[in-house]
Amino acid sequence: MTEAPLIVPGTAGPQGQDDLLAGLNPQQLEAVTYRGPALLIVAGAGSGKTSVLTRRIASLLRSREAWPSQILAITFTNKAAGEMRERVEGLIGDAARGMWISTFHSACVRILRREAQQFGFTKSFTIYDSGDSRALIKRLVKEHEADAFGLTPASVQSRISKLKNELSDAESYARQANMSDPAERIFVEVFADYQRQLQKANAFDFDDLIGQTVYLFRAFPEVADTYRRRFRHILVDEYQDTNHAQYALIHELTRPLASSSAPDPYASNGMMIFEPEPEPKNADTAGASLTVVGDSDQSIYAFRGADIRNISEFERDFPGARVVLLEQNYRSTQNILSAANAVIGNNFDRKEKKLWSDRGEGDKIIGFTGYSQHDEAQFVADEVEALHRAGMPYSEMAVFYRTNSQSRALEEIFIRSAVPYKIMGGTKFYERAEIKDALAYLVAVANPADEMAVRRILNKPRRGIGDVTETAIARFAEEQGITFRDALSMPAQLGFGPKIQAAIAQLDAVLTEATAIMLPPTGEVPAPTTVADGLSLLLAKSGYLDALRASRDPQDEARVENLDEFVAVARDFARNNPEGTIVDFLTDVALVADADDLDDESGTVSLMTMHTAKGLEYDAVFVTGVEEDLIPHRISAGEPGGPQEERRLFYVGITRARKRLHLSLAMTRAQFGEVTVAMPSRFLQEIPVALIDWRQSPGDVNSRGGMQSRALNARRAGGFGGSGSGSGSGDRFGVKPLPGRDSLKPLSTAMDRFPNRVTAKVRDNGDLELTAGDRIRHVDFGEGRVDTVTGEGAKRIAHVRFDTAGQKKLLIKVAPIEKI
DNA sequence: AGGGACAGAGTTTTT
DNA sequence: CTCTGTCCCT
């Protein structure tokens, strides 16, 4: 952490900012220092945009053009927000405190919590993630019997989301829809009902967070003015990924004040003394200054409503806007950039932009074609090991794929090869049933109006309360005009048997007790550990944990561990937010994606989708599954602009690499138990041949006698890190070349003999003892000699030098090996 | 009410 | 293949 130089008022100005401007190229310099109402920074991949953005903020603060509280910086992910805050603090220290640096969603939640009571919500509203809305929509689809008209929960959810991103609601949609179509009519009904249910539950879904904030600003201009007065400098990162609602939000915030007569709470704090504007009065009511940063070549979220026109028509939207182009790339070698440029050049409707680098040509891109996804994964694992032996830390390597399901094969091989890895944003911790249950308990306390949450925990753990009872409670609540939650507090009046009455009374008691802890009635300050304590209490006294512990299902053991972890998360939260309430905690959980808190633990390879990869960079990058129907994904083919978006996604993937880029694919891929033949992606052909060094090209694999040429290839390849870099000896499957077959047939014949799955059952070698010098036999790699054994217990790792397959690391417990 | 067996469906990206 | 939903039996 660098100390910020002290700023003496009056000495502000360019001369006080030398360190902020040092080392910038002319375009970056202008991006940092330009002052005006609107600035668009077109920042190519790796062009130092985060640096520019943070220095621009630091510069505004250092020169006293703005107070921290007047700055609103919006990023796409919480991780990016955290990084930006850290870097600004690194530049100017504590002076950065009080800025809003957050995602669209967090910023809107902050605003909505403060203003919710203006329009029929309370400040403890729940945030529904997509799983929650799906559950609600599913129920409504059933209730309205919408499935009879071909509406599925998934389709309804995505349509509603799209409409909300366009700031449309059920009513406005109905006006322009073809209401003579019964399917349309019922959709509108479901949409309207969905919105009613949200309101009744005192809840917002993800899209509402943005949309309702816009609505709030439009319906209550004086509320909007408060924020317009406050935020004088608004900066938006990844502008190409904004959707219409987000665009409208920015527009609302940068509008001139609606009523200039209102008192200005910030006018008295003395900042005007340093305000360089010649006419302070004007500056006071004029719109905030807006800076947006983006790159239309990296727009990859059109599928969820991102509108590329927001950036391409920025100059029209904000007349007089200055545009700065950053084209020098400081990240990658020229070979990688040339490939990226060549690929993205095939998108026709883009503004020409050519990234260049002065880092030299660098290594060639390495290509590899495996027979199966596991073969491909083995190549990645081997290459990772080779790079690691050559001195590259695991944390500097990343493996990308198009779809989450592709991570399986990689994981299996990585485990077997003892490669330390971490999956970023994979199966979500917060989507696990037990965590959702625990969350529902918390929501039931924090926001009793949220009927979904209360219903969810009603019979978890099993209390003998079934469908019939649940419906009866709901009907009772409706008749009495009370909430579902309140109905639980009068079990005697519900008219159930004594057993069920007791169960309900018990649940009610637990919730009441937890409420007393977590939401103390008086204004007293709750203890910092209140959330964690309340959560533990809920899980213990509800019997949830006991039920899991009593279960014989081995999975339930893991669930208990997950819940322990969740309690730890709550304690962690308390440590970081001593004054944090249960509502703060729930907000955090709802808005913090797993990808965000899974910080790079040094010493592990990162696995993630190409979408998750945006904004990150690594020394070595492996883009896997470079096949037709995967990237570009087959679903994209039908969508307008789909293939182009896929190309941008691929472009994002390859531009993450600093020094080494690997592109790999598999000739066959097993999905849903079916083995399909894959074709190389069209994007591969868009890269000049000279840039790729194929360890094994699609031709090698596809042509007659593929096995043999592969074996030759592997031996010939040598390459970085020595002979182990190939993927094992070609004859490991015991398949002889098949002369005389045409180029398509041999593959399918050979295919059934390739393991498309690693042995499904978990192998357990138990206490197999190995020491240096032992000879072993491996199912795939043949015979070899143990060099050393490291690690302990279940994590013992044998470092083996195979006679033909080179060096490997093997997790002794699970590797398919035997001592000989 | 709850558990087990079976059938069917869905498989893109995520704040 | 794997997850969900449904049906049927206890």
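The values are calculated or read from the model by the stated rules, or taken from the named source; none is laboratory data. What you see is a predicted model, and the numbers here were worked out from it, not measured in a lab. Because the Cβ atoms are built from the backbone with ideal geometry, glycine has one as well, and the counts that use them run over all protein chains shown. Calculation scope for accessible area: heavy atoms of the full protein, side chains included, ligands and nucleic acids excluded. Shrake-Rupley method; radii C 1.70, N 1.55, O 1.52, S 1.80 Å.
Summary of values
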| quantity | calculated |
| --- | --- |
| Single residue of the stretch A:296-327 satisfying the filter (under 20 Å from A:Pro37 (Cα atoms) and of a type in the set (Asp, Glu)) that is least open to solvent (accessible area, probe 1.4 Å) | A:Asp317 |
| Candidates A:Gly706, A:Gly728, A:Gly724, A:Gly719 - the one that is surrounded by 15 or more Cβ atoms within 10 Å (Cβ to Cβ), modelled with pLDDT under 70 and closer than 30 Å to A:Asn329 by Cβ | A:Gly719 |
| Candidates A:Val592, A:Val605, A:Val567, filtered to the one that is more than 16 Å from DNA strand C (Cβ to nearest atom) and modelled with pLDDT under 85 | A:Val592 |
| Any hit, the stretch A:408-427, residues being more than 16 Å from DNA strand C (Cβ to nearest atom), open to solvent by 50 Å² or more (accessible area, probe 1.4 Å) and over 30 Å from A:Leu539 (Cα atoms) | yes |
| Of residues in the stretch A:2-39 being modelled with pLDDT of 75 or more and in a loop (DSSP other than H, G, I, E, B), the one nearest to A:Gly93 (Cα to Cα) | A:Ala22 |
| Extreme residue, nearest to A:Pro256 (Cα to Cα), among residues of the stretch A:190-230 that are touching a residue at least 40 places away in the same chain (Cβ under 8 Å) and among the small types (Gly, Ala, Ser) | A:Ala219 |
| Hey, A:Tyr441 at pLDDT 90 or above, within 16 Å of DNA strand B (Cβ to nearest atom) and buried (at least 22 other Cβ atoms within 10 Å of the Cβ) or not | no |
| First in the stretch A:671-688 and closer than 30 Å to A:Ile336 by Cα and open to solvent by 80 Å² or more (accessible area, probe 1.4 Å), second anywhere and within 16 Å of DNA strand B (Cβ to nearest atom) and part of a loop (DSSP other than H, G, I, E, B), Cβ under 9 Å, 6 or more apart | A:Met679/A:Glu628; A:Arg682/A:Glu628; A:Arg682/A:Pro632 |
| Verdict on A:Arg350 being more than 16 Å from DNA strand C (Cβ to nearest atom), open to solvent by 20 Å² or more (accessible area, probe 1.4 Å) and either assigned to a strand (DSSP E or B) or of a type outside the set (S, T, N, Q) (or both) | yes |
| Residue, nearest to A:Pro221 (Cα to Cα), within the stretch A:107-132, restricted to residues that are touching a residue at least 40 places away in the same chain (Cβ under 8 Å) and within 12 Å of DNA strand B (Cβ to nearest atom) | A:Cys108 |
| The stretch A:427-448 residues that are closer than 21 Å to A:Ala477 by Cβ, paired with ones that are of a type outside the set (Gly, Ala, Ser) and within 16 Å of DNA strand C (Cβ to nearest atom) (beta carbon under 7 Å, 6 or more apart) | A:Ala440/A:Arg456 |
| The stretch A:133-159 residues that are within 15 Å of A:Ala192 (Cβ to Cβ) and aliphatic (A, V, I, L, M), paired with ones that are open to solvent by 40 Å² or more (accessible area, probe 1.4 Å) and within 15 Å of DNA strand B (Cβ to nearest atom) (beta carbon under 8 Å, 6 or more apart) | A:Val141/A:Asp147; A:Val141/A:Thr152 |
| Every residue from the stretch A:444-481 that is modelled with pLDDT under 90, open to solvent by less than 40 Å² (accessible area, probe 1.4 Å) and not in a helix (DSSP H, G or I) | A:Pro461, A:Arg463, A:Ile465, A:Gly466 |
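Matching residues to (1) under 33 Å from the mean Cα position of the chain (by Cα); (2) aromatic (Phe, Trp, Tyr); (3) over 29 Å from A:Asn310 (Cα atoms):
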residue: A:Ala135; (1), (2), (3): yes, no, yes
residue: A:Lys138; (1), (2), (3): yes, no, yes
residue: A:His144; (1), (2), (3): no, no, yes
residue: A:Asp147; (1), (2), (3): yes, no, yes
residue: A:Ser155; (1), (2), (3): yes, no, no
residue: A:Lys162; (1), (2), (3): yes, no, no
residue: A:Tyr173; (1), (2), (3): yes, yes, no
residue: A:Ser180; (1), (2), (3): no, no, yes
residue: A:Val190; (1), (2), (3): yes, no, yes
